[in-house]
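Comments concern the structure below.
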Amino acid sequence: MKPPTLTVRVPGKLFIAGEYAVLEPGGHSVVVAIDRYVYAHLTDSPEFVVNLHQIGFSKISWSETDDGLRFCKYAPKLTFIQNAITVCHQYIRHVGIQVEPFSLSIDSELDDFATGKKYGLGSSAAVVVAVISAILQKHHAHGIPLSHEVIYKLAAIAHFTTQGSGSCADIAASTYGGWLHYRTFDANWLIEQLEDGVDVHTLVAKQWPGLQVKTIQPPADLELVVGWTGSEMSTVKMIDRIRALQTQRPHRYAAFIDQSTEAVLSMVKHFSANNLAGALQSLTANRKALKALSEEVDAVIETPSLQALIQIANEYGAGKTSGAGGGDCGIALVSEKSFVDSLKREWRQAGIEPLNLTVCMEGTKRIEKGDLIV
């Protein structure tokens, strides 16, 4: 008889407002979880093994040594997952629990692997959250907590161990779900903690300076519509240009941060007041801040396709890039549900692919036979 499978489902993300400014300690953003998912399937096994068939990796095994985990294979695409597994091992073993061997398989809906389309929906973040959630679920009966805060912090630690930078807003969306007002922790503080050798269990228990993850409720009539332009941009290159701006013209960088923060906080305020018109104005204000930033660093955030997407969206509400810009997705906040079909039709005529996405109000969840386990 096959051993029972534990399955965890984790949503992807979309940025609504606050891109790039959210990289600053205490940076504000609005981010949302969407209903395309990463699935982690975990079963008992004689040995530790992970499978990622969609990207061509099968039976990646590892063992515990005095120096940590030793994986049978190294590849850049595996680093996020390997660090997520390592962080979980450290967290579980710290409280005196033996990590039980398992076989872990990961499947993702966030990109279209058949066509090679990449939509920018936070794949690496969702995978890390899925891996950590599944391993913690397996050991929950032994006293390991399953709170959103623990999962988020472990995923952020794994992310920083791998990449050394980032806002982790995508991790928050995949962990908590719904609409979030997210404020970034002090990344330098976290890096210092890791470099000083603070153990994972202690680090998770600490208050993280600046961190805020708050659920917010959009205006009742607001509709979120997402379009894909068919291209993508390197976020890293854009961030390098922004860091150069911060060093060489700090007053211009500070002006962008102020404009973006004002727009995000205005959006959060209008959400709270159920003020749809105000929320649309705030989105437009954040777009204006990003356009000014792109001019300062001489980089393209709004491609011609994204400009067309936004121009059409503005006829029905307000439009903006989502995430890094330069390609990937754009969003429309639409003021009436009856406008959605017309908007999508005009997008298609302009060569923009509407994505069938809705907001996922739940974050990481264990599922069984298609039913959510609360």
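The values are calculated or read from the model by the stated rules, or taken from the named source; none is laboratory data. Keep in mind that this is a model prediction, so the values were computed, not measured. In this analysis, Cβ positions are derived from the backbone assuming ideal geometry, glycine residues included, and neighbour counts consider all displayed protein chains. Heavy atoms of the whole protein, side chains included, go into the accessibility calculation; ligands, DNA and RNA do not. Shrake-Rupley method; radii C 1.70, N 1.55, O 1.52, S 1.80 Å.
Below, the figures for the structure above:
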quantity: Aspartates and glutamates with Cα under 15 Å of Lys13, excluding same-chain neighbours fewer than 8 positions away; calculated: Asp35, Glu109, Asp111, Asp170, Asp328, Glu362
quantity: Cα gyration tensor category, rounded, prolate or oblate, for the stretch 255-311 with a/c compared to 1.5; calculated: oblate
quantity: ³J(HN,Hα) computed for each position of the stretch 284-301 - Karplus, 6.51 cos²θ - 1.76 cosθ + 1.60, integer Hz, glycine/proline x; calculated: 5, 5, 5, 4, 4, 4, 5, 5, 5, 4, 4, 5, 5, 9, 6, 9, 8, 9
quantity: Rounded percent of accessible protein surface that carbon and sulfur make up, the stretch 1-150, 1.4 Å probe; calculated: 51
quantity: Surface share of carbon and sulfur [accessible, 1.4 angstrom probe, percent] for the stretch 215-352; calculated: 47
quantity: Average projected area [Cα convex hull, the stretch 1-83], square nanometres; calculated: 8.7
quantity: Euclidean distance of C-alpha centroids, the stretch 240-313 and the stretch 206-231, integer Å; calculated: 15
quantity: Heavy atoms of Thr79 accessible to a 1.4 Å probe, total area in Å² rounded to 10; calculated: 30
quantity: Potential extension, Arg348-Gln54 segment - 0.36 nm per residue separation minus Cα distance; calculated: 103.0 nm
quantity: Positive-end residue, the chain charge dipole about Cα centroid, Cβ charges, pick of Gln137, Ala254, His201; calculated: Gln137
quantity: C-alpha long axis of helix 304-314 to longest principal axis of the chain, angle in °; calculated: 70
quantity: Mean accessible surface per residue for the chain, computed with a 1.4 Å probe while every protein chain stays in place, in Å²; calculated: 44
quantity: Estimated FRET transfer efficiency when R0 is 25 angstrom, pair Asp258-His148 (beta carbons, to 0.05); calculated: 0.25
quantity: For the chain, the spread of Cα positions along each principal axis, largest first, Å; calculated: 59, 47, 37
quantity: When the convex hull of its Cα atoms is projected in every direction, mean area for the stretch 262-374 (nm²); calculated: 9.3
quantity: Amide H contacts of Ile216 (H built 1.01 Å from N, under 5 Å, at least 5 apart or other chain); calculated: Trp179, Leu180, His181
quantity: Cα-based shape type of the stretch 13-157, given that a ≥ b ≥ c are square roots of the gyration tensor eigenvalues and the cut on a/c is 1.5; calculated: oblate
quantity: Long-range amide H partners of Leu110 with built H, under 5 Å; calculated: Tyr37
quantity: Length-normalised contact order of the chain in % [C-alpha pairs under 8 Å, at least 6 apart]; calculated: 23
quantity: Gyration tensor (alpha-carbon) shape descriptor, the stretch 279-322, a/c threshold 1.5; calculated: oblate
quantity: Compactness index (Cα Rg / 2.2 N^0.38 Å), the stretch 111-218; calculated: 1.12
